[in-house]
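The structure appears right after this line, and notes come after that.
The values are calculated or read from the model by the stated rules, or taken from the named source; none is laboratory data. Remember, predicted model here, so these are calculated numbers, not experimental data. Glycine also receives a Cβ, built like all others from the backbone with ideal geometry; neighbour counts cover every protein chain displayed.
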Amino acid sequence: MTNPPRRMKIGINMVQNGAHNSGWRHPDADAGIANDFKGYARIIKAAEEQKIDFMFLADGAAVRIPHKDAEELSRHGHIDRFEPLTLLAAVAAVTDRIGLICTASTTYNEPYALARKFASLDHISDGRAGWNVVTGWSEEEALNFSRDALMDHSERYERANEFFDVVTGLWDSWDDDAFVRDKAEGRYFRPEGMHLLNHKGPHYQVRGPLNLARSPQGHPVIAQAGGSGPGRDLGARIADIIYTGQKDKGIAQEFYADMKARVAAAGRDPDKVMIMPGIMPIIGTTEAEAQAKLDEMKSLVHPAVGLQLISKMFGDLSDRDPEELMPLPLPESNGVKSAIVQWERRLERTPMTIRQVYEEISISSGHNVCCGTPAQIADLMQDWFEDGACDGWNLMAPYMPGGAEDFLTLLMPELRRRGLAQTDYAGDTLRSRLGLELRPNLRSGDAQSASDEAIAVSH
Ligand SMILES: Cc1cc2nc3c(=O)[nH]c(=O)nc-3n(C[C@H](O)[C@H](O)[C@H](O)COP(=O)(O)O)c2cc1C
């Protein structure tokens, strides 16, 4: 039997108001969409018509924009957003096939509560749920969760590893056929089909079982995003999808090779773990039209927003005229040093104004921005896909809904015409549609069962 041709996996990363930080100001943007479920639902249904594999929601439980005061913050659009699991449960009710993946942090949740929520979403959606496992990065979230500062990086990852094991252990609380619900016999479940977890670790103590039957996928699809050594190791051990943010093909190829090697070293099949960078397509029917759109988007960045955005890397420039050249050398910073060095070299070669710098940084949100005709954008996506840089893409709209409509109606048909994107959904669950590893219940037949009495039962 021959294997079917490898196809791109495609997600739609639904950033509220669009991924461009000033996208909400675009003439075709619905500036209230972040709080408008019907608006979201329309886009997701259109994505399902285009056979997009899944919708993806990034998240943080805070307004994560550092700011001096409300006046400064009031210029920003990325403020309000729905709680993602709540949103996905509602989306599940109005869609049938598209996957539903959202972010939840292991730093600001309890594993029992989260295992229950994702298992519930998997039931509600008939096997379409996915969890993007993150440890968080912002000080602002810490302040909302009874802490004074962001937890240390290594502790965050230590907790993430244990958290994940507890969640997956809870998902295996019940054999697939444990619930017999035999009315005549008066037996609701087979006792030997229940497995207590009895986890006692450095950070969590969880008895189980989960108060929900095993879900259609057993384990919802696992996505992970984090680029450091511990982040990559966590991804290699647990993830089905690695969400990433490279802009340069060479760097993406290095990341791809490194991740696949780590997956193999973790004893898993590298072909079953998808590397999916974000991409923001800016699409025109001609190259000039696309460039005009990009220029228009750059012009939407309010100076206060732009200056705040670059202050971490370039220092406080709020007293400068944005039309001045960016002053060099750049200040010492605790931020991403490699990025600062790259900028310094570039500005030494080609001086840019402060405005030009923040406009460029604003548009990208750290991801690949690809500006051109549908064919030009498809060329880049195909090249990376076929040249060992990715297994698919997470599409990001610069503004909503127009930016998403552009790639759904113009780019997706081009990818399908090339045989790169699927023409229909195949399989019963998100996991099977993506061709991922099935996760059998490893605790099925486990000697440890309901009779295990490590912890007394109480109501
Ligand atoms: C592409 C990408 C997307 C991410 N998305 C989120 C997110 O939505 N929410 C969040 O709290 N952290 C997010 N993170 C942060 C990571 O999960 C991780 O907590 C952080 O990057 C620190 O880990 P690292 O040093 O391994 O990158 C993201 C990271 C990357 C690289």
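Ser173 versus (1) over 21 Å from the mean Cα position of the chain (by Cα); (2) away from the ligand (no atom under 14 Å from the Cβ); (3) surrounded by fewer than 20 Cβ atoms within 10 Å (Cβ to Cβ): which is the lone unmet condition?
(3)
Does segment 248-271 contain any residue that is basic (Lys, Arg), touching a strand residue (DSSP E or B) at 6+ places or on another chain (Cβ under 7 Å) and within 24 Å of Phe54 (Cα to Cα)?
No, the conditions are met nowhere in segment 248-271.
Please go through segment 62-78 and pick out each residue that is free of Cβ contacts under 8 Å to residues at least 40 places away in the same chain and surrounded by 15 or more Cβ atoms within 10 Å (Cβ to Cβ). It would help to see each step written out before you state the result.
We begin by selecting, within segment 62-78, every residue free of Cβ contacts under 8 Å to residues at least 40 places away in the same chain; these are 68-71, 73-74.
Correct list: Leu73 only.
Here are some residues: Gly250, Gly193. Which one is at pLDDT below 95 and of a type outside the set (S, T, N, Q)?
None of the others qualify; the one that does is Gly250.
Assess whether Gly136 counts as being within 19 Å of Ile222 (Cα to Cα), modelled with pLDDT under 95 and surrounded by 19 or more Cβ atoms within 10 Å (Cβ to Cβ).
Working: within 19 Å of Ile222 (Cα to Cα): yes; modelled with pLDDT under 95: yes; surrounded by 19 or more Cβ atoms within 10 Å (Cβ to Cβ): yes.
So Gly136 passes the test.
Among the residues of segment 274-293, write down those that are surrounded by 17 or more Cβ atoms within 10 Å (Cβ to Cβ) and of a type outside the set (Gly, Ala, Ser).
Met274, Ile275, Met276, Pro277, Ile279, Met280, Pro281, Ile282, Ile283, Lys293
Would you point out which residue out of Ala93, Ala58, Ala149 is within 16 Å of the ligand (Cβ to nearest atom), farther than 24 Å from Ala19 by Cα and of a type outside the set (Val, Ile, Thr)? Before you say what the answer is, go through the steps one by one.
Working: Ala93 fails: within 16 Å of the ligand (Cβ to nearest atom); Ala58 fails: farther than 24 Å from Ala19 by Cα.
Just a single option satisfies the conditions, and that option is Ala149.
Looking only at segment 174-207, how many residues end up being of a type outside the set (D, E, K, R), part of a loop (DSSP other than H, G, I, E, B) and in contact (Cβ under 8 Å) with a residue 60 or more places away in the chain?
Total meeting the criteria: 4.
Could you look through segment 111-126, keep only residues that are more than 16 Å from the ligand (Cβ to nearest atom) and free of Cβ contacts under 8 Å to residues at least 60 places away in the same chain, and pick out the one that is farthest from Leu210 (Cα to Cα)?
Restricting to residues being more than 16 Å from the ligand (Cβ to nearest atom) and free of Cβ contacts under 8 Å to residues at least 60 places away in the same chain, the top hit is Ser125.
Would you check which residues across segment 401-433 are touching a residue at least 12 places away in the same chain (Cβ under 8 Å) and in a loop (DSSP other than H, G, I, E, B) and list them?
Hits for segment 401-433 are Arg418, Gly419, Leu420, Ala421, Gln422, Thr423, Asp424, Tyr425, Asp428, Thr429.
Being within 16 Å of the ligand (Cβ to nearest atom) and under 17 Å from Gly18 (Cβ atoms) is the filter here, so list the residues in segment 362-392 that pass it. I'd like the intermediate steps shown before the answer.
Taking segment 362-392 first, the residues within 16 Å of the ligand (Cβ to nearest atom) are 364-369, 384, 389-392.
The answer is Ser364, Ser365, Gly366, His367, Asn368, Val369.
Given segment 274-352, what helices (runs of 4 or more DSSP H) lie entirely inside it while holding 2 or more residues that are without any contact (Cβ under 8 Å) to a residue 24 or more places away in the chain and in contact with a Phe, Trp or Tyr (Cβ under 9 Å, 6 or more places away or on another chain)?
Ranges flagged: none.
Which of the residues that make up segment 127-139 are within 16 Å of the ligand (Cβ to nearest atom), closer than 27 Å to Arg433 by Cα and not hydrophobic (A, V, I, L, M, F, W, C)? Before you say what the answer is, go through the steps one by one.
Start the filter on segment 127-139 by keeping residues that are within 16 Å of the ligand (Cβ to nearest atom), which leaves 130-139.
From the residues that got through so far, the ones that are closer than 27 Å to Arg433 by Cα too are 130-134.
Gly130, Asn132, listed by residue number.
Filter segment 226-273 down to the residues that are farther than 20 Å from Asn161 by Cα and buried (at least 20 other Cβ atoms within 10 Å of the Cβ), then identify the one that is farthest from the ligand (Cβ to nearest atom).
Among those that are farther than 20 Å from Asn161 by Cα and buried (at least 20 other Cβ atoms within 10 Å of the Cβ), it is Tyr256.
Name the pairs: first residue in segment 219-230 and free of Cβ contacts under 8 Å to residues at least 40 places away in the same chain, second residue among the β-branched types (Val, Ile, Thr) and within 13 Å of the ligand (Cβ to nearest atom), Cβ to Cβ under 8 Å, at least 6 apart or on different chains?
Note: pairs meeting the criteria are Gly227/Thr244.
Phe314 - would you say it is aromatic (Phe, Trp, Tyr) and away from the ligand (no atom under 16 Å from the Cβ)?
Yes; evaluated as a whole, the condition is true for this residue.
Would you check if there is a residue in segment 206-213 being within 12 Å of the ligand (Cβ to nearest atom) and either crowded, with 21+ Cβ neighbours inside 10 Å or among the hydroxyl-bearing types (Ser, Thr, Tyr) (or both)? Show your work before the answer.
Initial filter on segment 206-213 (within 12 Å of the ligand (Cβ to nearest atom)): none.
Checked against the condition, which is being within 12 Å of the ligand (Cβ to nearest atom) and either crowded, with 21+ Cβ neighbours inside 10 Å or among the hydroxyl-bearing types (Ser, Thr, Tyr) (or both), segment 206-213 yields no hits at all.
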